[in-house]
Amino acid sequence: HWHGIYQNGTNWADGPAMVTQCPIIPGNSFVYDFNVHDQAGTFWYHSHYSTQYCDGLRGPFIIYDPDDPYLNEYDVDDESTIITLSDWIHVASPTPFGSSHSLSTLVNGLGRTLQHEVTLNQLTPLAVVNVTAGKRYRFRIASLACDAPFNFTIHDHSMTIIETDGQYTTPLVVDSLWVYAGQRYSVIVKADQPINNYWIRADPLATRATAGFDNGRNSAIFRYIGAPDEEPTTNGTSTRPLNEDDLHALEKPQPPGKPELGGADIVVPIVQTWHEEAQVFDINGVTYESPTVPVLLQILNGTYAATDLMPNGSVYTLKPNSSVELQIHGVDRGGPHPFHLHGHSFYVIKNALSDEYNWDNPPRRDVIPTGFSGNVTVVRFFTDNSGPWFLHCHIDWHIELGLAIIFAEDPEGTAAHNKPIPPAKRRQNDLVEFQVPRLRSCQGPLSLQQNLAAELREDIDSFAQHVEALQLSIGDQRGEQSRTELRKIVDELQNGLAQLRKDSRAALLSSKRAIDSQSRSRREELMSSSVVSEKVSMNEKVEDALMKANDDVTDALRRTIDLMQGELERSVLSVQMLDESTASLRATSTTHDTLTNFMGTSKQLITALEKSDWIDRILIVSAFVFFLLVVLFIVKQRIVDRSLRLAFWWTRFLPNFSQDEALLGKSSAVLSASTAAFISSALTASATTVAPSFPSPIPIPSEGGDNVEPSITLETLFATLSASTVAPSSSVAEHSSDELYRNADEL
């Protein structure tokens, strides 16, 4: 249910179960698509099935008014200024009795329970309403309660009432007000007190809930920006409580009908009665019971008489365009009962606790408390909204106990008045009447304009798809008349779509021009101001400082790079030296391995000498001497010569002297001849000594077992070896030093 919205022409979207619709089955959905027409103010929504909304299915519903007559009287009106009040009941809602006693008030969904239920270290945070000193705020106070009314105050601050239940009132200054279930108020509060924390109190009526402020119950915090983050310590006493007789309508103040009791076209007494034995209420002798078929469906099916409509005795028919006066009598049990009328707001001619009748400018609202036994509340409204409308106590438990009736307003005209708008036409109306004008009037910021333009494009595309689907369905119509009518509708929608595209482009251009114009004017104002000049001068100084800092940083970077280059060169030299050292170590390691092998061989030779006879020893000694000479030559070639080369590498750059090369050649020849003679004599002596030990010539066995005479004897071999060892030719003297080294290697 969209509480306070008239639903004029859309009675089917009002929401109360079995009055205008069936309940929504779990897992299914129901789309509420309606216009609010000229309504604006503070409203709310809630489930209207049994007592379901008491468990939390509820929330505020705000319609902002661009033509608000009090727009210049406050500075802030947004989500932060919405204050919801609700009762905190600790058990589930379906059971009316034993669960209807609220333990505390929730302000914006936050609150605390009784002191004995918690310890001090388990306190939950309270709601905080933040304000800035010196600003004016429009607070929208809405009671979402199921039962108790609340006495609302803000310590040390007065409140100026400007709205009751979505209807503007003349300004009325108070410092406390009672807010009943379903009621709403807009109040202007000026933050004109010292910066501090102040209590917001929402004390429930003691007969309907648990009153008091122990443990911070039934409270919230009104905190100035800059105040410490702590709970208030203020005390407050109301000196200007709301007297509802002082409320007056700002617009359309004259109630319908004659200015006298019973002076309306239709007068309906509402007498509430409590039946202790049955534990139910009734109105005018009938306890309300929800029908099995929605009343709206009954009316649309042609049932108009009150006597034929269900629930029997709880439906009252009202003629169209008539003034209606309700005279509501109070009852003690469960009172005071706040009554709410769907589909209308009414003029409060007489409050329950007052004896005054206001026929000139009574306030308008849609929820009114009806007092106790002996009290009478008088309200009036005008029947200009066909359909079945619910009148009930807004203590939700009491609807279940029968405290409700239904007004069937103009049942014969309900079908025509509530003819649903076709979806395509409804989309077109929304685009034409709301979205295009909204974009056209947008003057920034640019992000808002882009969002509005994107939303408009998406909706136009969706509308175009809908029109295309309708066009495709023309051929599916059975009769020619149906096809003709649908084709006519599609043509109208296509024309409207084309016009919409043009209007959207024009609106976007208009918005861009407005934003650009504002931007230019703001830039001009800024550039012409002294502050901007100072900022420009300051910017120049900052730029100079930045340039100097940039130069310093550049110099530092250059010096750093030079240092890094030097370090890099030193690192390269270190790497080269390391490579050379590594090569030397490898050479030394190779030499060490060679010497190790030599030592091993020597040990083996010594061991062999110890075991062999004197002839073998001579042979082994000769071989050992030969091996030693070879090793010495290798050592000379690998270490001494290369060391000399490295030591005298610079001599390559000296001139080439042929005499020196010849001298070196002769020395090498002498050395080669001496070495050869020595080796030849050693081998000859060894051969002479060893030869007698073997038969000469040595027989070699053949494959057939016979010995074969060898072609060469040992003496011949040694003689040949000695003869072949001759001095080098005189051409050696002509070779270069490198060739000499190679010849020595071969030798």
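The values are calculated or read from the model by the stated rules, or taken from the named source; none is laboratory data. It should be emphasised that the depicted structure is a prediction, and the values quoted were computed from it without experimental measurement. When we count neighbours, we look across all protein chains shown, and the Cβ atoms used for this are built from the backbone with ideal geometry, even at glycine. What goes into the accessible areas is simple: the full protein's heavy atoms, side chains included, and nothing from ligands, DNA or RNA. Shrake-Rupley method; radii C 1.70, N 1.55, O 1.52, S 1.80 Å.
Things worth noting here:
- Residue count for segment 429-445, restricted to those that are open to solvent by 20 Å² or more (accessible area, probe 1.4 Å), in a helix (DSSP H, G or I) and modelled with pLDDT of 85 or more: 6.
- Among the criteria (1) modelled with pLDDT of 95 or more; (2) hydrophobic (A, V, I, L, M, F, W, C); (3) open to solvent by less than 10 Å² (accessible area, probe 1.4 Å), the one TRP178 does not fulfil is (3).
- Per the listing SER462, SER441, SER447, SER473, the residue uniquely touching a Lys or Arg at 6+ places or on another chain (Cβ under 9 Å) and farther than 30 Å from VAL267 by Cβ is SER462.
- Selection from segment 225-256 of residues that are touching a residue at least 40 places away in the same chain (Cβ under 8 Å), in a loop (DSSP other than H, G, I, E, B) and closer than 17 Å to VAL174 by Cβ: GLY236, SER238, THR239, ARG240, LEU242, LEU247, HIS248, LEU250
- TRP199 under 17 Å from HIS340 (Cβ atoms), open to solvent by 10 Å² or more (accessible area, probe 1.4 Å), at pLDDT 95 or above and touching a Phe, Trp or Tyr at 6+ places or on another chain (Cβ under 9 Å): no
- Taking the listed residues ASN284, ASN243, ASN312, the one that is surrounded by fewer than 16 Cβ atoms within 10 Å (Cβ to Cβ) and over 26 Å from GLY371 (Cβ atoms) is ASN312, with no other qualifying.
- Among residues of segment 362-398, those that are charged (D, E, K, R) and open to solvent by 10 Å² or more (accessible area, probe 1.4 Å), counted: 2
- Number of the condition not met by VAL19 [criteria: (1) open to solvent by 20 Å² or more (accessible area, probe 1.4 Å); (2) in a loop (DSSP other than H, G, I, E, B)]: (1)
- Taking residues in segment 325-354 that are hydroxyl-bearing (Ser, Thr, Tyr), and partners anywhere that are assigned to a loop (DSSP other than H, G, I, E, B) and buried (at least 22 other Cβ atoms within 10 Å of the Cβ), the pairs with Cβ atoms closer than 6 Å and at least 6 places apart or on different chains are SER345/ASP366; TYR347/PRO255; TYR347/PRO362.
- Here is the figure for segment 324-338: residues that are in contact with a strand residue (DSSP E or B) (Cβ under 6 Å, 6 or more places away or on another chain) and either modelled with pLDDT of 95 or more or surrounded by 17 or more Cβ atoms within 10 Å (Cβ to Cβ) (or both) total 10.
- With respect to the conditions (1) farther than 25 Å from PRO149 by Cβ; (2) buried (at least 19 other Cβ atoms within 10 Å of the Cβ), LEU297 lacks only one, and its number is (2).
- Residue within segment 261-275 that is open to solvent by less than 20 Å² (accessible area, probe 1.4 Å) and modelled with pLDDT under 95 present: no
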